[in-house]
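For reference, the structure I am asking about is given below.
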Amino acid sequence: MNFYSSARRLWGRLTIGLLVAAGTGVTTTELAAQVAVGESEPYTFMALGDTAYNVPDDYPAWDALIESINASSALFSVHIGDTKGRGSCDEERQQIILSYFQKFERPLIYTPGDNEWTDCRRASDGTENRLEVLASIRRIFFSKAESLGKSPMPLTRQSDVSRHETLVENSRWTAGKVLFSTIHVTGGSNNRRPDDPPSMADYTSRTEGAVDWIDEAFAIATRDDYVGVVIGLHAEIFSLASIAGAFGGGGAAGGMAPQGGMGAQGGRGGAPALSMEERMTLAFGPIIDALKRGAEGFSGQVLLIHGDTHELTIDRPFKLGLRRVPPGAFNFENFTRLEVYGPPELRAVEVTVQPDTPWVFSFSPFYPRDN
């Protein structure tokens, strides 16, 4: 039996398992979808994002990529957001995007990016109300506790197992001894806009939820002896300013974030304007801190998948290339990040999971068949 047939057989044995957290700081009971893969059995999944920016010109390539993924042995695909370039953010556009997601033969798990909603204030994107667009995205793409695709699989949603009742887009599932989790963190400033109270309320809610979801994923993975944790989000959070403070021994903000009421576009009320790096430090510091805590306390491998800047990247952002690490700095070899392709390259990355190896995760570029 070839690997593709084996993968389809494994997918057919999808089971539902009950995870009860005890003594880990996790107090909820979670229903988690478990793909019935043997604990040492290898498998693959696809990682992709930042797709079909230039429509309708990109649609043939988008179709070709989906067809190639459908013909592969991947058990599921993870789309880390930015489903469109410029243009309207209205529901008609969202329904078109959904129709492409539903062409995937096997499960597709999606987490939103900034192009879908936080950038919709721009005249080139229809000037829709950002939070109204977010509400429509949640209704269209996340109405059920399951993935997208022609053969959806059940997912644990944060909204169903925690106090974060609005965060239907944050999900979790397992395959073999690897735990997967998506969190809603977008590019730009993650909608952190201190001059707009509704946006700040959204940012605060999603960031608190993201931190809790990350902490819970690592607590479960540590308790149940998982060999790997995969976290998918959209934003490129590893700017120099975002991580410099943490490498120096402080929190992710490192004590370097200016105080005062700052809008995303600069200063207000006489306060100095913030640079892009400083805004990113404020926006993503809590996320980086949570990832740092998780990696530090976890004995297995951690893979962060993101998009946003359209540069295929595989590296270890928390690993210092120094013989002598500064006191108080963190220096983790078990944390790998994968940034997926972006325009003009409409491609995916095939991730192989080998649970019985020290590295667990390996990567191969995945092109449409006609490329």
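Given (1) touching a Lys or Arg at 6+ places or on another chain (Cβ under 9 Å); (2) part of a helix (DSSP H, G or I), where does Asp160 come up short, assuming only one miss?
(1) is the only condition that Asp160 fails.
Any idea which of Asn170, Asn129 is free of Cβ contacts under 8 Å to residues at least 60 places away in the same chain and surrounded by 22 or more Cβ atoms within 10 Å (Cβ to Cβ)?
Being free of Cβ contacts under 8 Å to residues at least 60 places away in the same chain and surrounded by 22 or more Cβ atoms within 10 Å (Cβ to Cβ) holds for just one of Asn170, Asn129, which is Asn170.
Which one is nearest to the chain's Cα centre (by Cα) among residues in segment 190-241 that are over 28 Å from Leu312 (Cβ atoms) and small (Gly, Ala, Ser)?
Ranking the candidates gives Gly209 first.
Would you be able to say whether some residue in segment 307-326 is at pLDDT 90 or above, buried (at least 17 other Cβ atoms within 10 Å of the Cβ) and more than 19 Å from Asp50 (Cβ to Cβ)?
no
Please go through segment 129-151 and give me each residue that is hydrophobic (A, V, I, L, M, F, W, C) and in contact with a helix residue (DSSP H, G or I) (Cβ under 9 Å, 6 or more places away or on another chain), ordered by number.
Here is the first cut: in segment 129-151, the ones hydrophobic (A, V, I, L, M, F, W, C) are 131, 133-135, 137, 140-142, 145, 148.
Within segment 129-151, Leu131, Val133, Leu134, Ile137, Ile140, Phe141, Phe142, Ala145, Leu148 meet the criteria.
Search segment 327-341 for residues being part of a loop (DSSP other than H, G, I, E, B), in contact with a helix residue (DSSP H, G or I) (Cβ under 8 Å, 6 or more places away or on another chain) and within 18 Å of Trp359 (Cβ to Cβ), and hand back the single one that is modelled with the highest pLDDT. Break it down stepwise before answering.
First pass over segment 327-341, keeping only residues part of a loop (DSSP other than H, G, I, E, B): 327-334, 340-341.
Remaining after also requiring in contact with a helix residue (DSSP H, G or I) (Cβ under 8 Å, 6 or more places away or on another chain): 329-330, 332, 334.
If we keep only those that are within 18 Å of Trp359 (Cβ to Cβ) as well, we get 332, 334.
Values: Phe332: 82, Asn334: 94.
Among them, the one singled out is Asn334.
Next question. Would it be correct to say that Glu165 is at pLDDT 95 or above and crowded, with 22+ Cβ neighbours inside 10 Å?
Values: at pLDDT 95 or above: yes; crowded, with 22+ Cβ neighbours inside 10 Å: no.
No; evaluated as a whole, the condition is false for this residue.
Spot the failing condition for Gly113; the list is (1) in a loop (DSSP other than H, G, I, E, B); (2) at pLDDT 95 or above, and only one is missed.
Result: Gly113 fails condition (2) only.
Give me the pairs: first residue in segment 60-89 and within 12 Å of Ala348 (Cα to Cα), second residue among the small types (Gly, Ala, Ser) and not in a strand (DSSP E or B), beta-carbon distance under 6 Å, and six or more apart or on different chains, which are they?
Trp62/Ala52; His79/Gly49; Ile80/Gly49; Ile80/Gly307
Report yes if Leu98 is buried (at least 20 other Cβ atoms within 10 Å of the Cβ) and within 19 Å of the chain's Cα centre (by Cα), otherwise no.
On the way: buried (at least 20 other Cβ atoms within 10 Å of the Cβ): no; within 19 Å of the chain's Cα centre (by Cα): yes.
Here the answer is no, as Leu98 does not meet what is asked.
How many residues, within segment 336-348, are within 18 Å of Val229 (Cα to Cα) and surrounded by fewer than 21 Cβ atoms within 10 Å (Cβ to Cβ)?
Number satisfying all stated conditions: 1.
The values are calculated or read from the model by the stated rules, or taken from the named source; none is laboratory data. Since we're looking at a predicted model, the values are computed, not measured. Every residue, glycine as well, gets a Cβ built from its backbone with ideal geometry; the counts of neighbours run over all protein chains shown.
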